[in-house]
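The values are calculated or read from the model by the stated rules, or taken from the named source; none is laboratory data. As the structure is a computational prediction, the values presented were derived from the model and not from experiment. Positions of Cβ are backbone-derived with ideal geometry, glycine not excepted, and every protein chain shown enters the neighbour counts.
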Amino acid sequence: MRSYSLIAPAKINLYLEIIGDRSDGYHELAMVLQSISLADQIDIQPIGIDTIIVRCDHAEVPNDHTNLAYRAAALLTKQFPEAMAQFGGVEINIKKNIPIAAGLAGGSTDAAAVLVGLDLMWQLGLTQSELEVLGAQIGSDVPFCIQGGTALATGRGEELSPLKNLDNLYVVLAKYRNLGISTIWAYQTYRQQFSQTYISQAQDLETRQHRVHSGPMVSAIMHADGSAIGKLLHNDLEKVALPEHPQVLELREAFESQGVLGTMMSGSGPTVFALTESEAEALRVLEAVKTQIANPELDFWTAKFVSTGIRLAQS
Ligand code: C5P
């Protein structure tokens, strides 16, 4: 049985609107998600014994069942016990390039890669939509991480409608190394502060979702209009994260002062991204903001929009 190496891209949110409460305790969302070229590499290899081993080159990433990659392997083991009995266990090595607790779905995309890789290694023959249904049991972002590209995501984030691929945009990302935001904290705080604005009637929920589906951001994407996309970036979770973390707001303002197409916090943060039309412009903005803020704790990356989710690494 052979080993597999997979590329697991990060995602950014171009749009994140919190619509209301769901009966399962999650939030009903309308989002536009985008894969970017910043990616982890996941290597999976068979081992003789019936166990799951996770290793990661990043000291703060856990190796136990709290790691979503471990949970993905455990879920497949539970669903397909005969596969592990026949083929044995798996060792998962994660080469971490995506910052953690950053709003970039780093843990979710690793889990997505494990589902795709184990499906191949254990010859399960699952379809992409079957993998996505399994992925949704691990985390709301996992189905998108499997599929990738540009997509509208509704429900708790797991109901996906692919949109036209955007492959002509670049992004600069910045994150304070020691600042992480818990997704649970962000949504709980939002609920405490804004639940009076939540829509609760099923029909109203649908109308609101439809408005996003046919709205200005989706139209800008269909026209591949980078300038309109930049102006229409929206993230409700900024309302709780920016007042709590002024340095995230400062970062956003620094990007804005560089005349980028648009800038916003991704997901539950605290990563801030800025859109540009070329790689050269992304690098210029990176250097300018690095000089402007001059904090050794601030990490930067540039990346390109990509149209793929989990894929095999070229060997
Ligand atoms: O789905 P996932 O486990 O990644 O979500 C992490 C947390 O984010 C959830 O436990 C919940 O507190 C919050 N969340 C939410 N509504 C969503 C997605 C996530 O409230 N649609």
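Scan segment 279-315 for residues that are closer than 30 Å to Y4 by Cα and small (G, A, S) and the total you get is 5.
When L232, L237 are checked against the criterion of being over 17 Å from the mean Cα position of the chain (by Cα) and not assigned by the TED database to the domain that holds L115, a single residue qualifies: L232.
One line per residue, one yes/no per condition, for (1) of a type in the set (A, V, I, L, M); (2) touching a strand residue (DSSP E or B) at 6+ places or on another chain (Cβ under 6 Å); (3) modelled with pLDDT under 95:
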| residue | (1), (2), (3) |
| --- | --- |
| G215 | no, no, yes |
| I229 | yes, no, no |
| E250 | no, no, no |
| E256 | no, yes, no |
| L275 | yes, yes, no |
| T291 | no, no, no |
| D299 | no, yes, no |
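Can you find even one residue in segment 118-140 that is under 29 Å from S278 (Cα atoms) and crowded, with 21+ Cβ neighbours inside 10 Å? No; the residues of segment 118-140 include none that is under 29 Å from S278 (Cα atoms) and crowded, with 21+ Cβ neighbours inside 10 Å. With a requirement of 2 or more residues that are within 15 Å of the ligand (Cβ to nearest atom), the strands (runs of 3 or more DSSP E) lying completely within segment 1-120 that satisfy it span 4-21, 27-47. For segment 127-158, a tally of residues being of a type in the set (S, T, Y), more than 10 Å from the ligand (Cβ to nearest atom) and assigned to a loop (DSSP other than H, G, I, E, B) returns 1.
Y176: over 16 Å from the mean Cα position of the chain (by Cα), among the aromatic types (F, W, Y) and farther than 21 Å from V32 by Cα, yes or no? Reasoning before the result, please.
Working: over 16 Å from the mean Cα position of the chain (by Cα): yes; among the aromatic types (F, W, Y): yes; farther than 21 Å from V32 by Cα: yes.
Yes: the conditions hold for Y176.
Selection of segment 170-184 for residues being surrounded by fewer than 22 Cβ atoms within 10 Å (Cβ to Cβ) and touching a residue at least 24 places away in the same chain (Cβ under 8 Å) yields Y176, R177, N178, L179, G180, S182, T183. Looking at S268, is it outside the structural domain of A105 (by the TED database) and under 27 Å from I146 (Cα atoms)? The answer is yes for S268. Taking segment 184-206 as the range and being away from the ligand (no atom under 12 Å from the Cβ) and out of contact with any helix residue (DSSP H, G or I) (no Cβ under 8 Å at 6 or more places or on another chain) as the test, the residues that pass are Q192, Q196, T197, S200, Q201, A202, Q203, D204, L205, E206. Restricting segment 68-110 to residues that are of a type in the set (D, E) and more than 18 Å from S35 (Cα to Cα), which is surrounded by the fewest Cβ atoms within 10 Å (Cβ to Cβ)? Here the residue is E82. Of all residues in segment 79-99, which are at pLDDT 95 or above and over 10 Å from L118 (Cβ atoms)? Residues satisfying the conditions are Q79, E91, N93, I94, K95, K96, N97, I98, P99. Please work out if L160 is modelled with pLDDT of 95 or more and either of a type in the set (S, T, N, Q) or closer than 23 Å to H27 by Cβ (or both). Here the answer is yes, as L160 does meet what is asked. In segment 205-226, the residue that is surrounded by the fewest Cβ atoms within 10 Å (Cβ to Cβ) out of those that are touching a residue at least 60 places away in the same chain (Cβ under 8 Å) and farther than 24 Å from V272 by Cα is H213.
Out of the residues in segment 191-213 meeting the condition of being modelled with pLDDT under 95 and basic (K, R), tell me which one is nearest to L163 (Cα to Cα). Reasoning before the result, please.
Here is the first cut: in segment 191-213, the residues modelled with pLDDT under 95 are 195-213.
Filter again for basic (K, R), leaving 208, 211.
Numbers: R208: 19, R211: 15 Å.
Across segment 191-213, the extreme among qualifying residues is R211.
I221 fulfils the conditions (1) within 16 Å of the ligand (Cβ to nearest atom); (2) closer than 24 Å to T150 by Cα; (3) touching a helix residue (DSSP H, G or I) at 6+ places or on another chain (Cβ under 8 Å) except for a single criterion, (1).
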